[in-house]
Amino acid sequence: MDQERYVSILTGYNFWQNHYGELGIAIHQYGRIGHHPTAWAYFISSEIKLGDKMVVGPKIGAWIAGGSAGVCMGLNVIYYTDFEESTLRFRPEIGMGLGKWKVVYGYNIPITNKKYELVNTHTIGIAVVFGAKKIKTIHSE
């Protein structure tokens, strides 16, 4: 096993009908276990929709990725608001991820205000993390 853990800057882009940029901070670890690549992260971030009406979505989440197929799975909770209306969403996601990136399909499940229209029900998410400070190196045979 060879892995490195970082405090990282998380950047992302989430889209379907509406387009959101994302910026946050993560604890992120990646490397290999045996011959298989692995990665995981937990984070706080915010999705931001700019356009006719700005929407902000503070978000907490986590994801794991790896194996020979590079499968990625994650869970997120997002509170979207345009400062007049708001909605809380739970988003499971699945896709591909290796090392410092992931590309996933997510489904926003409404917890409150199911009729809020400025949030995608389905979404494609792309995220990349940039290591800001290494906090641990793990080596074992």
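Numbers below:
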quantity: (i) 30, 15, 11; (ii) 33, 16, 13; (iii) 42, 13, 8, with the label sought being that of the calculated semi-axes √(5λ) of the Cα gyration tensor in Å; calculated: (i)
quantity: Inter-part distance where the stretch 89-132 and the stretch 8-51 are each reduced to a Cα centre, Å; calculated: 9 Å
quantity: Theoretical FRET efficiency, 1/(1+(r/R0)^6), r = Cβ-Cβ of LEU50 and ILE138, R0 30 Å, to 0.05; calculated: 0.15
quantity: Pairwise Lys count, the chain - Cα closer than 18 Å, eight or more residues apart or different chains; calculated: 8
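Values quoted throughout were computed directly from the atomic coordinates according to the rules given, and no laboratory measurement underlies them. Predicted model, so just to flag it, every value in this text is computed and none were measured. So basically every Cβ, Gly included, is an ideal-geometry build from the backbone, and we count neighbours across all protein chains shown.
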